[in-house]
1. Given (1) in a strand (DSSP E or B); (2) in contact with an Asp or Glu (Cβ under 8 Å, 6 or more places away or on another chain); (3) at pLDDT below 85, identify the lone condition not met by GLU21.
2. Looking only at residues that are more than 16 Å from the chain's Cα centre (by Cα) and of a type outside the set (Asp, Glu) in the stretch 53-76, which one is least open to solvent (accessible area, probe 1.4 Å)?
3. Could you list, in sequence order, the residues of the stretch 30-66 that are modelled with pLDDT under 75 and touching a strand residue (DSSP E or B) at 6+ places or on another chain (Cβ under 7 Å)?
Amino acid sequence: MLPAPAVFHFLWEVNSGPVKEGDSVRTLGSMQHQVVVQTTFVEPFDPIIGAQYIVLGEIEKAEGGDGVMAHARVLNCVDGVNLVLLQRGVNEQRSYFRERGESKGDAATAARPPAPL
């Protein structure tokens, strides 16, 4: 069985939200919200100082207990991406998945035979 796909999480969700250790995530950093990224699995990695990257990887508690560390499996430079539009797109995707999940639940309820009297 394949692992669950990585869900896009904003850094404020990674640092203090519903993300648990070992979860697969997609995230990107900002000046206000930072995360430590271990790049062992993507070496040789030659970062562009000041560039923004989307990280796909697993979450682990950082040493010292403060914050989290992402073990990067994939790093993509996203300089020039409109982050406001990216956030809006992520929120729309979440809304779609929520609606789809609710409609599947409604369909399962409708398909269930009535309880005997």
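The values are calculated or read from the model by the stated rules, or taken from the named source; none is laboratory data. Computed from a predicted structure; not experimentally measured. Please note: Cβ atoms are built from the backbone with ideal geometry, for glycine as well, and neighbour counts cover all protein chains shown. Accessible surface areas use protein heavy atoms only, side chains included; no ligands, DNA or RNA. Shrake-Rupley method; radii C 1.70, N 1.55, O 1.52, S 1.80 Å.
1. Unmet for GLU21, out of (1) in a strand (DSSP E or B); (2) in contact with an Asp or Glu (Cβ under 8 Å, 6 or more places away or on another chain); (3) at pLDDT below 85: (1).
2. Only one residue fits best here, namely ALA62.
3. Matches in the stretch 30-66: ALA62 only.
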